[in-house]
Amino acid sequence: MKSQNGVTVMFQPEGRKAVVNRGISLLEAARKAGVTITTRCGGKAGCLMCKVKIANEEATALRPPGDIERRKLGTTLEEGVRLACQAAVWSDVTVQVPEDPLKAAVRRKLEAARRGEEDELW
């Protein structure tokens, strides 16, 4: 996964990736990868909409959380939750981006249709 020009950030569940310079925020890396991470505050840690999840074993791939992020996220930091606007990339990392609920329902319906099953939501 290493690149000569930077670090690789993989965004799941979309499977998109971007090679970025070390120190760039996950939000900026997502934009480069064409992945939408919702934010209303313009990346100022105000709206808390840009929460993403990092596996515990990859926690060191990001800069440690600063005071603002620790204050905003509290104990959820221990579960691997980070703010994409605040978390800076140090090395290759895989990021779990929460799926929009409507998009998730449509995806489940399509997957069930492909398998020839009925989805209880419809």
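What follows draws every value from the coordinates through simple rules; no lab data is involved. Since the model is a prediction, treat every value here as computed from it, not as a measurement. Note: ideal-geometry Cβ built from the backbone for every residue, glycine included; neighbour counts use all protein chains shown.
Around residue 81, which amide H atoms from residues at least 5 apart in sequence, or from another chain, sit under 5 Å from its own amide H, with H modelled in the peptide plane?
Here 54 satisfy the definition.
Multiply the residue gap between residue 56 and residue 79 by 0.36 nm, knock off their C-alpha separation, and tell me the result in nm, one decimal place.
Values: separation 23, 0.36 × 23 = 8.28 nm, distance 0.74 nm.
Result for the pair: 7.5 nm of gain on full extension.
Percent antiparallel among DSSP beta bridges with both residues in the chain, to the nearest 5?
75 percent
Under 10 Å, Cα contacts only: if you run a Gaussian network model on the chain, which one of 14, 28, 57 comes out with the highest mean-square fluctuation?
Greatest mean-square fluctuation among the candidates belongs to 57.
Amide H neighbours of residue 17 under 5 Å, counting only residues 5+ apart in sequence or on other chains, H built in-plane at 1.01 Å?
Result for residue 17 returns 11.
Taking the Cα centre of the chain as origin and charging only Cβ (+1 Lys, Arg; -1 Asp, Glu), how large is the dipole, in debye to the nearest 20?
About 520 debye.
Kindly provide the helix-only [θ] at 222 nm of the chain, computed as the sum of -39,500 (n - 2.57) over DSSP H runs of four or more divided by all residues, to the nearest 500 deg cm²/dmol? Could you put the intermediate results ahead of the total?
Values: 3 runs with 30 residues, N = 122.
Computed mean residue ellipticity for the chain: -7000 deg cm²/dmol.
List the trypsin sites (Lys or Arg not before Pro) within the stretch 1-77 that fall in a DSSP loop (any state other than H, G, I, E or B) and whose Cβ has at most 12 other Cβ atoms within 10 Å.
2, 22, 40, 44
On a 0 to 90° scale, report how tilted helix 101-115 is relative to the longest principal axis of the chain, with both axes built from alpha carbons and the result rounded to the nearest 10.
Helix 101-115 sits at roughly 50 degrees to that axis.
Along the stretch 18-34, what does the Karplus equation 6.51 cos²θ - 1.76 cosθ + 1.60 (θ = phi - 60°) give for ³J(HN,Hα), rounded to whole Hz, x for Gly and Pro?
3J(HN,Hα) across the stretch 18-34, in whole Hz: 9, 9, 10, 6, 4, x, 6, 6, 4, 5, 5, 5, 4, 4, 5, 7, x.
Given the pairs 44/72; 17/53; 51/109; 53/109; 17/51, which are separated by over 22 angstrom at their Cα positions?
51/109; 53/109
Say each of residue 111 and residue 71 gets a label point 7 Å from the Cα, pointing the same way as Cα to Cβ; how far apart are those two points in nm?
3.9 nm
Report, largest value first, the span of the C-alpha coordinates of the stretch 7-115 along each principal axis, in whole Å.
Dimensions of the stretch 7-115 along the principal axes of its Cα atoms: 46, 27, 27 Å.
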